[in-house]
Amino acid sequence: VTANAQALYDRRKEALLKAQRVEEAITQTRSEMEAAAAKAVKAAKKPRVKATKALWFEAYRWALSSEGHLILGGRDARTNDQLVKKHLKEGDRYAHADIHGAPSTVIKEGAKASEVTLREACEFALANSKAWSSGLASGSAYWVLPEQVSKQAESGEFLPRGAFVIRGKRNYFHDLPVRAAIGEVEIEGHRKIMGGPVSAIVARATRYLVLAPGKEDREAVAKRLA
């Protein structure tokens, strides 16, 4: 009799523990459901962000100068080649930082641009070069005419993909700061985030930030900026 009573008592105790665990699970599930419902309501109220129209020049690095000239830069060896072959025309100008590992840079209708735009294009080329990852504070860059840019190497020399030969006089800008700015601009009625020379961003953006080379992780910086 005593053994049977003890067995019944143990079974009752185990059943009560199971019931308690079930009640806890129900409470937790109810809380999770309420939190999910609240999140769904909040998401429904939040305005949906509409993607802006993609513009052709966004295939490259790009910026508008303070005078309104489009500045384009290659993203890699392939786009360096593509940019010069497809988009460097008569009346344009070509810029390049005076450092190995810099993008080809094209100033559309650069013949009509003043020294302000040409300087901004050189700053753009420098900021997108290895001068940034090297942590340099300043550097030099130059601009030339389209006919001075050639894919034809000297006899016995080899030109890698994305590289070009510059012949003739180079028009230099020295002691350019290695800096860039990023800001909100409107182009053809579309809201865009533009990165480029500080003076060009300041002239066009109501909200902007100025960046300089540093040791912080760039992904962390990008998230903070976003």
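Descriptive notes on the structure:
- Of all residues in the stretch 81-99, those that are under 20 Å from R161 (Cβ atoms) and modelled with pLDDT of 95 or more have Cβ atoms under 8 Å from Cβ atoms of residues that are among the charged types (D, E, K, R) and crowded, with 16+ Cβ neighbours inside 10 Å, 6 or more apart or on another chain, in H87/K108.
- For the stretch 107-116, the condition holds for no residue, the condition being that it is acidic (D, E) and either assigned to a strand (DSSP E or B) or closer than 12 Å to G73 by Cα (or both).
- The combined condition, being closer than 26 Å to A111 by Cα, at pLDDT below 95 and out of contact with any helix residue (DSSP H, G or I) (no Cβ under 7 Å at 6 or more places or on another chain), is fulfilled by S150.
Results for (1) touching a helix residue (DSSP H, G or I) at 6+ places or on another chain (Cβ under 6 Å); (2) of a type in the set (A, V, I, L, M, F, W, C); (3) part of a loop (DSSP other than H, G, I, E, B), shown as yes or no for each residue.
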| site | (1), (2), (3) |
| --- | --- |
| A44 | no, yes, no |
| K53 | no, no, yes |
| R78 | no, no, no |
| K86 | no, no, no |
| K89 | no, no, yes |
| G139 | yes, no, no |
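- Residue within the stretch 167-176 that is in contact with a helix residue (DSSP H, G or I) (Cβ under 7 Å, 6 or more places away or on another chain), under 30 Å from L225 (Cβ atoms), touching a residue at least 40 places away in the same chain (Cβ under 8 Å) and open to solvent by 40 Å² or more (accessible area, probe 1.4 Å) present: no
- Residues in the stretch 205-220 that are part of a loop (DSSP other than H, G, I, E, B) and open to solvent by 100 Å² or more (accessible area, probe 1.4 Å) were compared, and the one that is modelled with the lowest pLDDT is T206.
- When the criteria are applied in full, W56 meets the requirement of being open to solvent by 60 Å² or more (accessible area, probe 1.4 Å) and of a type outside the set (A, V, I, L, M).
The values are calculated or read from the model by the stated rules, or taken from the named source; none is laboratory data. Quantities reported herein were computed from a predicted structural model and do not represent experimental measurements. Note: ideal-geometry Cβ built from the backbone for every residue, glycine included; neighbour counts use all protein chains shown. All accessible areas refer to the heavy atoms of the entire protein, side chains included, with ligands and DNA or RNA removed. Shrake-Rupley method; radii C 1.70, N 1.55, O 1.52, S 1.80 Å.
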